[in-house]
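The values are calculated or read from the model by the stated rules, or taken from the named source; none is laboratory data. Since the model is a prediction, treat every value here as computed from it, not as a measurement. No Cβ is skipped: glycine too gets one built from the backbone with ideal geometry, and neighbour counts run over all protein chains shown. These accessible areas exclude ligands, DNA and RNA; they are computed on the full protein's heavy atoms, side chains included. Shrake-Rupley method; radii C 1.70, N 1.55, O 1.52, S 1.80 Å.
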Amino acid sequence: MDPVLRFRSTILLLILLGLLSAFSRTSAEVITLTEETFTDKVKEKDTLWFVQFCVPWCKHCKKLGTLWEDLGKAMEGEDEIEIGQVDCATSKSICSKVDIHSYPTFKIFYDGEELAKYKGSREVESLKSFVLDEADKVAQSELEPDRDL
């Protein structure tokens, strides 16, 4: 094979691999939870879940734009914190089970239990601060000796 052609092919392959890698990372930052996956995911050991509940037709959900994806990117690298989303139009039983009555709703889950509902401003830094504070509370409670013993 001609060295110039081989060089060009190698460069093209590296560019394609880089693009595929970047695409894979952005789509994995927010995990879509379904009726089949929700319960098992929010029960994952030592993992705090911050979940957005929306429906496609909601004007308030549409107004969020890329907020949730942006939060997912901002939370990359945070150990034991996952960002999830549930489409209440297709996963009605989940939304009913966790008492969702308005959209969007943002809730924190840990060890299968709901810990908190977010009611603050819809900005990445505010959401990030909230989830990190909740993670700190969980960590502190894990460190405290069990008072029932």
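In terms of distances greater than 21 angstrom between alpha carbons, the cross-link table entries Lys41/Lys73; Lys45/Lys107; Lys41/Lys119; Lys62/Lys97 yield Lys41/Lys119; Lys62/Lys97.
With the simple spin-label model, which puts each label point 7 Å out from Cα in the Cβ direction, the Leu143 to Glu123 separation comes to 2.9 nm. Heavy-atom accessible area, probed at 1.4 angstrom with all protein chains present, ranks Phe130, Phe50 as Phe130, Phe50, highest first. A DSSP coil position with no more than 13 other Cβ atoms inside 10 Å describes none of the chymotrypsin sites (Phe, Trp or Tyr not before Pro) in region 73-123. Heavy-atom accessible surface of region 76-146, averaged per residue, reaches 60 Å², computed with a 1.4 Å probe. Pop out the carbon and sulfur fraction of the accessible area of region 31-94 as a percent, whole number, probe 1.4 Å. Percent of accessible area from carbon and sulfur atoms in region 31-94: 48. For Glu82, the solvent-accessible surface computed with a 1.4 Å probe is close to 60 Å², ligands and nucleic acids excluded.
Anisotropy class assigned to region 75-149 is oblate, per the alpha carbon gyration tensor with a/c at or over the 1.5 cut-off and a/b no larger than b/c. The gain in end-to-end length when the Glu114 to Met1 segment is fully stretched comes to 34.6 nm, 0.36 nm per residue minus the alpha carbon separation.
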